[in-house]
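See structure below.
Just so it is clear, none of the values below were taken in a lab; they were calculated from the coordinates. Not measured: the values here are computed from a predicted model. Positions of Cβ are generated from backbone atoms using ideal geometry, with glycine treated the same way; all protein chains shown enter the neighbour counts.
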Amino acid sequence: MKDKNIFNLGKILKPFSYKGEVCVYSTINLKKYSFGLILLKINSSLVPFKIKSLKNQKTNIYRISFDSIDSENKAEKLRNVEIYCEKNQLNEEDCNTSKTKQLLGYELIDINKKHIGEIVKIINNYQQDLIEVMYIEKKLLIPFVDEMIIQINHDEKVIEMELPDGILDL
């Protein structure tokens, strides 16, 4: 998504009930906002949907009921659909901390295209964010700073970084 005014809230995991509710994963607390409308990315287009109800299911998982989705069949068609909102609907803190949390599950490769591992945790620090990667069956903490990032490919969920010498030996 190229639009700078649109923010990725997360994605729909699966239908929750025969009434059309869906389970949604999001790294921000959706309950503290009154969205009314959110955008679903369907066939590369953002389609507005009106929220009827939004409830906590468990940590980072929410149950959402949309006005126009009233059956399990309709909800099933939304499985794995990404959800968005306009950035002005969120506070700045949520926008900033969620940017890195959205990278969970991305693959990390180095500048030579060597596979390092999957990002399993994001540690937000005042000085710098750290990403935790499983590398050869050990946890590796890597600073997530602009100077080391070569590119982030959101479509393929891959981050390419120029890692400091010796960091993989720690």
Lys and Arg at +1, Asp and Glu at -1: neighbours of residue 128 with Cβ under 12 Å from its Cβ sum to -3
Just report the Cα centroid separation between the stretch 56-81 and the stretch 99-170, whole Å. 31 Å
Calculate the dipole size of the chain relative to its Cα centre from +1 charges on Lys and Arg beta carbons and -1 charges on Asp and Glu beta carbons; express the result in debye to the nearest 20. 1060 debye
Footprinting proxy, 17, 53: sorted fewest to most Cβ within 10 Å, the residues are 53, 17
Tell me, what ³J(HN,Hα) does each residue in the stretch 44-58 have, in order and in whole Hz, if you take phi through Karplus 6.51 cos²θ - 1.76 cosθ + 1.60 with θ = phi - 60° and put x for Gly and Pro? 6, 10, 8, 10, x, 10, 8, 7, 8, 8, 9, 10, 6, 9, 7
Interchain or long-range residues, amide H under 5 Å from residue 121's placed H: 132
Each residue of the stretch 67-84 in order: what ³J(HN,Hα) in whole Hz does its phi give by Karplus 6.51 cos²θ - 1.76 cosθ + 1.60, θ = phi - 60°, with x for Gly and Pro? 4, 8, 10, 10, 8, 4, 4, 5, 5, 4, 5, 9, 3, 6, 7, 6, 10, 9
With at most 13 neighbouring Cβ atoms within 10 Å, loop GluC sites (Glu not before Pro) (DSSP) excluded, longest segment of the chain: 1-136
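Let me know the longest stretch in the chain that avoids all trypsin sites (Lys or Arg not before Pro) found in a DSSP loop with at most 15 other C-beta atoms within 10 Å.
Here the longest segment lacking exposed loop sites spans 20-76.
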Only counting other Cβ atoms within 10 Å, I'd like 150, 136, 12 sorted with the fewest neighbours first. 136, 150, 12
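Report the equivalent ellipsoid semi-axes for the chain in whole Å, largest first, defined as the square roots of five times the eigenvalues of the gyration tensor built from alpha carbon atoms.
Rounded to whole Å, the semi-axes are 33, 16, 15.
Do the sum for the chain: with -39,500 (n - 2.57) for every DSSP H run of n ≥ 4, divided by all residues, what is the mean residue ellipticity at 222 nm, to the nearest 500 deg cm²/dmol? If you can, show how the numbers build up before the last one.
Working: 2 runs with 15 residues, N = 170.
Computed mean residue ellipticity for the chain: -2500 deg cm²/dmol.
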Least to most buried among 44, 68, by other C-beta atoms within 10 Å and fewest first, runs 44, 68
Nearest 20 debye, what's the magnitude of the dipole of the stretch 103-169 about its Cα centre given +1 on Lys and Arg Cβ and -1 on Asp and Glu Cβ? 220 debye
